[in-house]
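Below you'll find the structure, written out as structure tokens, and then a few comments.
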Amino acid sequence: MPRTTPKKQLTLAGPPRLVSEAGLSRVAKDLAKKVLEKPSAKPATVIALSGELGVGKTTFTKVFLKALGVRESVTSPTFILFRPYPLPPINQLTNQPTNFDLAYHIDCYRLENPKELLKLGLKEMLQNPRHLVVIEWAERVKKFLPKKAIWLKLEHGARKNTRKVAIRGF
């Protein structure tokens with residue numbers, strides 16, 4: 001019988017590491033699985049993404065939300081600021097009931113004033129422990145985010161098609 005090597009699961013803590021574009025997708029899937037295994041947080045679970053334009057924040061978010069079970073097409077909410085996505089009661093990654101009803105994808109790139117998000121209901125989104133909130137350009141609204149947010153900093157790597165990923169708060 002042929003021997004298969006199990007996929008190596010990435011550790012989510014530790015120093016920044018260099019990954020390929022495919023590796024960034026694996027980080028997104030691994031983080032989704034870890035978040036699903038974790039008891040729900042009070043307030044909402046927040047994934048805060050930072051990094052320069054074109055580094056892969058939206059790509060990461062699409063893979064992350066698909067791994068959580070979002071069935072519809074995940075598109076960037078750059079011009080409308082946020083999009084809600086219903087989550088299934090049983091997750092495909094874990095085959096277990098999920099702790100989350102709704103995921104929000106927020107993009108703060110075009111945000112002129114952080115208080116704009118408050119007017120759109122950010123406080124309510126963040127207060128519900130059954131919400132999972134992914135925020136691109138999160139540094140722009142940092143003062144409104146819970147202290148227990150999971151922060152991912154993405155940077156372009158030295159080699160083409162590589163990214164440096166640093167995760168803290170998990």
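The values are calculated or read from the model by the stated rules, or taken from the named source; none is laboratory data. If you're wondering where the values come from, they're calculated on a predicted model, not measured in any experiment. With ligands, DNA and RNA removed, areas are computed over all heavy atoms of the protein, side chains included. Shrake-Rupley method; radii C 1.70, N 1.55, O 1.52, S 1.80 Å.
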Spelling it out for N91: with amide H atoms placed in the peptide plane at 1.01 Å from N, the residues 5 or more places away or on another chain with amide H under 5 Å from its amide H are Q96, T98
Once phi for every residue in segment 64-79 is put through the Karplus expression 6.51 cos²θ - 1.76 cosθ + 1.60 (θ = phi - 60°), the whole-Hz ³J(HN,Hα) values, with Gly and Pro written as x, are 4, 5, 4, 5, 6, x, 5, 8, 7, 5, 8, 10, 5, x, 3, 8
Using DSSP, restrict attention to beta bridges with both residues in segment 46-170 and report what percent are antiparallel, rounded to the nearest 5.
45 percent
Using Cα centres only, tell me the gap between segment 119-151 and segment 16-66 in whole Å.
15 Å
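Determine the alpha carbon to alpha carbon distance for each of K33/K123; K119/K164; K119/K160; K123/K160 and list only those over 31 Å. Mind showing how you got there, number by number?
Working: K33/K123 26 Å; K119/K164 34 Å; K119/K160 40 Å; K123/K160 39 Å.
Violating the 31 Å Cα-Cα cut-off are K119/K164; K119/K160; K123/K160.
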Would you compute, from DSSP H runs of 4+ residues alone, the mean residue ellipticity of the chain at 222 nm, taking -39500 (n - 2.57) per run and dividing by the full residue count, rounded to the nearest 500?
-7000 deg cm²/dmol
Accessible area per residue in Å² at 1.4 Å probe, computed on the chain:
57 Å²
Go ahead and set up a Gaussian network model of the chain, Cα springs under 10 Å, then flag whichever of R110, R83, R26 fluctuates most.
R110
So how long is each side of segment 66-170 along the principal axes, counting just the alpha-carbon atoms, biggest first, in Å?
39, 38, 28
Got a number for carbon plus sulfur as a percent of the chain's accessible area, 1.4 Å probe?
53 percent
Give the lysines reachable from K29 as a straight Cα distance under 16 Å; neighbours fewer than 8 places away on the same chain don't count.
K7, K8, K38, K57, K62, K66
